[in-house]
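Below: the structure, in structure tokens.
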Amino acid sequence: MKLAWRELVRRPSRFLTAGGALTLIVILLLLLGGLLDGLYLSATAAIRAQSASVIVYSADSRDSLIRSRIESATRARVEAVDVVESVSGFGVVLLGAQMPGGKLVDTALFGYEAANSKVPAPPPSGRVYADHALEDDGVQLGDVLLIGPARTPVTVEGWVEDTSYLYQGGLWAEADTWRQVLAENRPDQVLGAGTFQALLVTPHLGVPDRDVADAIDAAVPGVSALTTHEAILSLPPEKNPMIAAPLRLHDCSLVTDGAAALVVMRREDAEARGGRSVEIAGLGQANERIALSKRSNMHELLAGKEAVRRAYLEAGVSAGDVDLAEVHDCFTINQLLSTEALGLSADGRAGHDYLAGRFGRDDGQVCVNLSGGLKAKGHPVGATGVSMHALLYKQLVGEPIGAAPERFDPEIGVAFNVGGSAVTNCATVLRRRR
């Protein structure tokens, strides 16, 4: 040790590189630790704020607040468990909010019944407490925020601290205001009076939280009770983090390596060769403006619809003739917009159709992305469009890669491919040769 110290004093320049590298590593570790702490705290603050020490979800929700539903009858059974002191309802909806002046900000709007360690008793109807994180985005006391696509108005009544959820600033409203926002902006998730997404349970004094959770699970069928600590660890970001609200990791395709090839020839050559072939019955292509600010709206692929119109016209088909579709689902939202661009769903309804079970292998009308799409097989950018055509070809000749339609033999397939934020839009109608 003395020899090393002497050498360091005698020739310090020899150790500058190593010392600088170690210093840089330490600084980077500190920065990464701070970043991870910030992400964790921003994702879990609303749960950590709860005074209750046990949270009850519906058993089929996989301990996710957003997926959970607790009816009033179930609540009554939880309240009847002898180690339970009190119960209150709790729920959230993740929506964008338009501020005065038109700026949009991501929010998590909570409906609740009882004060917690960070939030006072619920405000009057139509009013909310806002997390100070939203103040950094420009929200001010007294602002009227227009929530979600329905633009449901709420007024900022006051401020609260450290109540974000899944990286979005918290808004805290009384239960009926929350239900109204949910019903107007998520019509497929309407909740009746007395229904919440979760229950916040305070145990009798001296009873361990885990014992209370176990007692609730044993006494009440169809629920999953967790301690608050367990609920924090089971939050979706642990496995499926938010990338850009509302898109999570599993909503986004991965850019991958890959290759695909097609053999294209004249009809007479294909007929002379025999074997398996399909007809390119129609092609359509249309371009959109590159600048998003120049587009007339952001909830419709207008150029995509034009490309589809041209392809259908050349092929002499309509949306009702399509048996199969492969669409460019680089992100979940693009699958919905593409399905609507093809005319397979009405505008704004694709999400509802998918949730209702449409477009799977058992759909009797049309199946979409039976291959699993880009999110399943990856997105080898230069080869993606070709691979979609190859997958449709295999379906139409009876050699599917992946799932196949269960209720019909497909004759007409359509590939819809986009590039550059839907700047380039291409549609191809393929028809099985008879």
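No value in this document is a laboratory result; all are computed from the given coordinates. Not measured: the values here are computed from a predicted model. Heads up, the Cβs are rebuilt from the backbone with ideal geometry, glycines too, and the neighbour counts pull from every protein chain shown.
Table for the structure above
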| read-out | value |
| --- | --- |
| Given charges at beta-carbon only (K, R positive; D, E negative), |dipole| of the stretch 115-202 in Debye | 320 debye |
| Exposure proxy order (Cβ contacts within 10 Å, fewest to most) of 159, 178 | 159, 178 |
| Per-residue Cβ neighbour rank within 10 angstrom, fewest leading, 103, 394 | 103, 394 |
| Angle in degrees between helix 302-315 and the longest Cα principal axis of the chain, rounded to the nearest 10 | 30 degrees |
| From phi via Karplus (6.51, -1.76, 1.60), per-residue ³J(HN,Hα) for the stretch 345-359 in Hz, x at Gly/Pro | 9, 5, 4, x, 10, 4, x, 5, 5, 5, 5, 7, x, 6, 6 |
| Residue pairs, from the table 305/377; 103/375; 294/377, whose Cα atoms sit over 28 Å apart | 103/375; 294/377 |
| Whole-Hz couplings from phi, Karplus 6.51/-1.76/1.60, listed for the stretch 283-291; x for Gly and Pro | 10, x, 9, 8, 9, 10, 4, 5, 6 |
| Highest to lowest packing among 335-346, 116-127, 249-260, scored as the average C-beta count within 10 Å | 335-346, 116-127, 249-260 |
| Contact order relative to length of the chain, as percent, for alpha carbon pairs under 8 angstrom and 6 or more apart | 16 percent |
| Options 208, 49, 68, ranked by Cα towards positive dipole end of the stretch 48-244, top entry (Cβ charges) | 68 |
| Mean-position separation - Cα centroids, the stretch 258-322 and the stretch 402-416, in angstrom | 16 Å |
| Nearest-ten-degree value, helix 175-185 long axis tilted from longest Cα axis of the chain | 10 degrees |
| DSSP-loop GluC sites (Glu not before Pro) across the stretch 67-148, with at most 16 other Cβ within 10 angstrom | 71, 113 |
| The chain: angle of helix 209-219 to the longest principal axis, Cα-based, in degrees nearest 10 | 60 degrees |
